[in-house]
Amino acid sequence: MTLHTHTLYDMAEKNALAFGSAPCIVSGGAELSFARFLDRVNAAASHMASLGLSAGERVAIVSGNNPEYLIALVAASRLRALAVAVNWRLSAEEIGHVLSDTSPRLVLADAPRMSSLAGTMKSLGLPCPLVDLASLGEGRSCEALPEPPEGPSGDDPFLIIHTAAVSGKARGAVLSHHNMVLAALQSAARFQLSEKDACLGFLPFFHILQLVLTFAAMVAGGKNVVQEKFDPDDCLRQISAHRVSLMGSFPPILAEITKAAERAEEIPRSLRAVVGIDAPANIEPFQKIFATDFFLLYGQTETSGPVTLGPSRERPGSAGRPTALAMVKVVGECGIAPCKDNPGEIYIRGPLVFRGYWEGGKMDGPTFSDGWHKTGDLGYMDQAGYLFFAGRKPERELIKPGGENVFPAEVEAVLLSHEEVVEAVVIGVPDPRFGEAIRALCVKKEGSSLSEKELIEFVAGRIARYKKPREVIFVESLPRAAAGGVCRKTVKERYGAGQ
């Protein structure tokens, strides 16, 4: 290791000394201390090394939330391997793409996904071991753990999360050791976390926001309460039982928790901050009931999570101001200053920006411009430095149903693979529950009897079900741009209203 390197493993080693027997992770009634967490990490790293995993190689994790997931991540950090956080909600074909793209030396999975994953790996001819995550490191001695490899720095790749399916196939955003540590430290400082705090983790661990908040609590010596999946009533119980002070949220979580609170006999008052994205109609009643702040954000996987943050009532409509480790600017076209009526592209610079995209077994550089990361997102900043998000650039359109990223190109590719669909375009429309919903405009072959329901199920059978259109509108033709392609702007103007 190099002089200036600090990894998640270093954090775990330090915390084992500093906080020892204090609770690190609570899940399903079981508790894991900081000292025991390090023991489990070392045993897992020893196990993974015995299976051939070494520095620079990939270990894919396909699992719901559990303590073993976090143990595996930190164990990968110890070995200087790259962890691939796979979205388990993807279809078998999409998971196959992620595995083919990263060529893992080892695949870890929880019990519910072992069987289907084994089938996917067999169809790909992937020769690496498939290990039940629950048994990782079981009964192993840490004496066989190899010494940390010499040479790698904190700026070397550590985590791959697939996103940015602009061209129809997801690309793996590569985050470094320091990306993750600095993002965690930044959030710990912003929310003034300490060993007295507890973070509730029900957003999936393949999502950058949950990972950042989880490690923010951990780096501060706080406790992480891990939930396998979101349940509003259980969420209230966990907040109350563990005096949870921090959690993340995407639609429709706030609305569901608010409904649960209205049924509850007692409202927990420990929450200090909830971080995410939602509409004022959901944020305001939640804040009133729980007497807490909801922090709106702007960020990407490519920026290691949030790069702007702010309490929703501080500057309504904004995504807050730049965080401590992010430089943010908005660049207009042709020298025109960005404003509400003429938003520009959001650029990011600083130590949170990712290393590049992983494609075909190697890391490819992202598109930078004069030392800035071009996000593909549109917005503007006011004179006080608050960022206002205004959507995606047309060529990089993104839809976010319930906080998940869905790129129109990947849905359109599936629609067009149906033999009775001639043309298709996919757009996002307002949705009161999930924030956005997917709407498809399709031109059928002449004489086709294809129904909306049939086409929606066709899509759901080929990619993750959350990516299927909520509705399909069949049209005679789609508006064309001057260059001959479909004009997305006109499509959105005609068909983009919510219902």
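The values are calculated or read from the model by the stated rules, or taken from the named source; none is laboratory data. None of the values given here were measured: they were computed from a predicted structure. Positions of Cβ are backbone-derived with ideal geometry, glycine not excepted, and every protein chain shown enters the neighbour counts. These area figures cover heavy atoms from the full protein model, side chains too; ligands, DNA and RNA do not enter into them. Shrake-Rupley method; radii C 1.70, N 1.55, O 1.52, S 1.80 Å.
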For residues that are among the aliphatic types (A, V, I, L, M) and assigned to a helix (DSSP H, G or I), scanning just the range 258-280, find the one that is surrounded by the most Cβ atoms within 10 Å (Cβ to Cβ). Ala261
Just to check your reading of the model, which residue among Arg462, Arg470 is in contact with a helix residue (DSSP H, G or I) (Cβ under 6 Å, 6 or more places away or on another chain), under 30 Å from Asn87 (Cβ atoms) and open to solvent by 80 Å² or more (accessible area, probe 1.4 Å)? Arg462
All-but-one check, Ala281 against (1) of a type in the set (A, V, I, L, M); (2) in contact with a Ser or Thr (Cβ under 8 Å, 6 or more places away or on another chain); (3) under 21 Å from Phe434 (Cα atoms), failing number (2)
Any idea which of (1) open to solvent by 30 Å² or more (accessible area, probe 1.4 Å); (2) touching a residue at least 24 places away in the same chain (Cβ under 8 Å) is the one Leu106 doesn't satisfy? (1)
Scan Phe290, Phe286 and give me the residue that is among the aromatic types (Phe, Trp, Tyr) and either under 25 Å from Leu352 (Cα atoms) or touching a strand residue (DSSP E or B) at 6+ places or on another chain (Cβ under 7 Å) (or both). Phe286
Filter the range 195-224 down to the residues that are open to solvent by less than 10 Å² (accessible area, probe 1.4 Å) and either in a strand (DSSP E or B) or free of Cβ contacts under 8 Å to residues at least 12 places away in the same chain (or both) and list them by number. Ala198, Cys199, Leu200, Gly201, Asn224
Return the pairs, sorted by first residue and then second, in which the second residue is assigned to a helix (DSSP H, G or I) and of a type in the set (Val, Ile, Thr), the first residue lies in the range 239-263 and is touching a residue at least 40 places away in the same chain (Cβ under 8 Å) and closer than 16 Å to Ser312 by Cα, the beta carbons are less than 7 Å apart, and the residues are 6+ apart or on different chains. Leu254/Ile283
Name the residues in the range 376-410 that are among the aromatic types (Phe, Trp, Tyr) and either modelled with pLDDT under 90 or touching a Leu at 6+ places or on another chain (Cβ under 9 Å) (or both), would you? Tyr380, Phe389, Phe407
Given the condition touching a strand residue (DSSP E or B) at 6+ places or on another chain (Cβ under 6 Å), under 20 Å from Asn65 (Cα atoms) and among the small types (Gly, Ala, Ser), answer yes or no: does some residue in the range 234-243 qualify? no
Those residues of the range 57-104 which are within 24 Å of Ser153 (Cβ to Cβ), assigned to a helix (DSSP H, G or I) and charged (D, E, K, R), in sequence order: Arg78
Here the residues within the range 315-352 that are out of contact with any Pro (no Cβ under 8 Å at 6 or more places or on another chain), surrounded by 14 or more Cβ atoms within 10 Å (Cβ to Cβ), assigned to a loop (DSSP other than H, G, I, E, B) and not small (Gly, Ala, Ser) are Arg315, Pro338, Pro343, Pro351, Leu352
Does the range 449-469 contain any residue that is at pLDDT 95 or above, under 33 Å from the mean Cα position of the chain (by Cα) and assigned to a strand (DSSP E or B)? no
Flagged pairs (Cβ under 6 angstrom, 6 or more apart or on separate chains; first in the range 17-38, free of Cβ contacts under 8 Å to residues at least 12 places away in the same chain; second open to solvent by 20 Å² or more (accessible area, probe 1.4 Å)) are Glu31/Pro23
Which condition does Gly310 not pass, out of (1) part of a loop (DSSP other than H, G, I, E, B); (2) open to solvent by less than 30 Å² (accessible area, probe 1.4 Å); (3) small (Gly, Ala, Ser), if it passes all the others? (1)
Taking Glu419 as the residue in question, decide whether it is out of contact with any strand residue (DSSP E or B) (no Cβ under 8 Å at 6 or more places or on another chain), within 30 Å of Ala460 (Cβ to Cβ) and either of a type in the set (Gly, Ala, Ser) or in a loop (DSSP other than H, G, I, E, B) (or both). yes
Subset of the range 160-194, residues in contact with a Lys or Arg (Cβ under 8 Å, 6 or more places away or on another chain) and either open to solvent by 10 Å² or more (accessible area, probe 1.4 Å) or under 20 Å from Leu309 (Cβ atoms) (or both), comes to His162, Thr163, Val166, Leu175, Asn179, Phe191
When the range 387-406 is checked residue by residue, the ones that are outside any strand (DSSP E or B) and open to solvent by 10 Å² or more (accessible area, probe 1.4 Å) are Lys393, Pro394, Glu395, Arg396, Glu397, Leu398, Lys400, Pro401, Gly402, Glu404, Asn405
Return the total of residues in the range 419-440 being open to solvent by less than 60 Å² (accessible area, probe 1.4 Å) and under 16 Å from Val406 (Cα atoms). 13
Checked the range 281-296 for anything free of Cβ contacts under 8 Å to residues at least 40 places away in the same chain and either buried (at least 23 other Cβ atoms within 10 Å of the Cβ) or outside any loop (DSSP other than H, G, I, E, B) (or both); matches are Asn282, Ile283, Glu284, Pro285, Phe286, Gln287, Lys288, Ile289, Phe290, Asp293, Phe295, Leu296
Can you find a residue in the range 370-381 that is free of Cβ contacts under 8 Å to residues at least 40 places away in the same chain, under 25 Å from Leu182 (Cβ atoms), open to solvent by 50 Å² or more (accessible area, probe 1.4 Å) and assigned to a loop (DSSP other than H, G, I, E, B)? yes
